[in-house]
1. How big is the charge dipole of the stretch 41-152 about its Cα centre, in debye rounded to the nearest 20, if each Lys and Arg gets +1 on its Cβ and each Asp and Glu gets -1 on its Cβ?
2. Please give the per residue accessible area of the stretch 153-213, computed with a probe of 1.4 Å over protein heavy atoms only, in Å².
3. Give me the three principal axis extents of the stretch 56-136 from the C-alpha atoms, as integers in angstrom, largest value leading.
4. Using per-residue counts of other Cβ atoms within 10 Å, averaged over each peptide, order 89-97, 43-51 from highest down.
5. Got the relative contact order for the stretch 113-172 handy, in percent, Cα pairs under 8 Å and 6 or more residues apart?
6. If the viscosity is 0.692 mPa s and the temperature 37 °C, what Stokes-Einstein diffusion coefficient in µm²/s follows for the stretch 33-73 when Rh is the Kirkwood radius over Cα pairs?
7. Using packing as a proxy for protection, rank 116-128, 67-79 so that the peptide with the highest average count of other Cβ atoms within 10 Å comes first.
8. Binned at 5 Å from 0, what are the whole-percent values of the Cα-Cα distance distribution for the stretch 169-214, short to long?
Amino acid sequence: MFLTLLLSQSILASAEPSADLAAAPEDCGMTSVWVTSPAPLATDVPVDVVPAALVTESSCGAASWTATLIDASTGAEVVSVTHAVGDGQLIEVDPGADLSPETTYTLRFEPDDGGGELTEIGFTTGSGTTVGLDGAPVVASTQATWSEESGLTLLSVQVEVASAAEGQSIVTFGSRGGEDLAWTSSAGPATVLLQGSNADASAPSKVCITARQRDYAGNWTESEEDCVAPEIVNARSGCNVVGGAPIGGLLGLALAVGLARRKPDARR
């Protein structure tokens with residue numbers, strides 16, 4: 001186990017690349033923290049902040065984490081929480097009350113079973129409270145493909161991130177009634193590309209996507225739904241099918257992509 005100081009964040013994916021976007025490590029190895037809110041060394045952080053982090057999910061990494069918020073000037077523990085990796089990538093460290101103004105804090109994330117990287121960052125509060133997001137995130141486009149062979153609906157979603165006065169927010173997306181599928185962090189306004197998949201035993205007639213964005217105080221704002229008819233890949237025939245009808249050749253591909261990107265007039 002060793003100490004990792006998060007001093008920079010790398011790009012996940014974006015229609016317009018932005019240095020504010022972060023990328024989760026892909027290889028199976030030690031589980032690690034790859035985004036924190038506030039960011040490392042942040043200053044003038046609102047006193048009503050609810051610190052948080054995103055951790056990688058790995059079958060061979062830590063099964064749980066202990067997250068601790070510490071007053072750096074006194075060494076006193078403000079709050080400590082335990083988070084099971086099976087509960088999702090987001091770890092929230094809610095102090096239950098406003099933090100002291102003009103004070104430096106240490107945010108520590110420690111794997112409980114040794115299968116991850118101990119991470120510590122510092123941030124300093126200001127005297128104000130969270131302004132919040134300027135509007136809501138928008139699902140700009142959605143592409144969906146269901147594979148008969150895998151039984152998976154693959155999703156590629158472009159999200160227009162709302163700007164945040166504090167500079168950084170956490171963004172995720174998921175299908176209606178399902179769990180969050182992918183995460184990133186952005187200062188906004190920016191367009192980010194998020195990808196994920198749903199397990200569907202049969203081809204869905206449509207997939208409805210919602211994006212969610214979290215501000216410093218832990219408040220979530222949701223986008224409107226974007227519903228698309230997925231392109232269906234039939235493993236036995238090799239045909240692309242949209243809406244149950246086989247479509248072949250370049251015309252079929254063009255129509256499939258067009259349908260996948262189209263936003264229906266009726267949303268639920």
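The values are calculated or read from the model by the stated rules, or taken from the named source; none is laboratory data. Every value quoted in this text rests on a predicted model; they were computed, and no experiment measured them. Because the Cβ atoms are built from the backbone with ideal geometry, glycine has one as well, and the counts that use them run over all protein chains shown. Quick note on the areas: whole protein, heavy atoms, side chains included, nothing else; ligands and nucleic acids left out. Shrake-Rupley method; radii C 1.70, N 1.55, O 1.52, S 1.80 Å.
1. Computed about the Cα centre, the dipole is about 140 debye.
2. Dividing the accessible area of the stretch 153-213 by its residue count gives 36 Å².
3. 42, 38, 18
4. Top to bottom by mean Cβ count within 10 Å: 43-51, 89-97.
5. Worked out over the stretch 113-172, it gives 34 percent.
6. 267 µm²/s
7. My ranking of the peptides, most packed first, is 116-128, 67-79.
8. For the stretch 169-214, the pair-distance distribution reads 5, 19, 31, 21, 12, 7, 5, 1.
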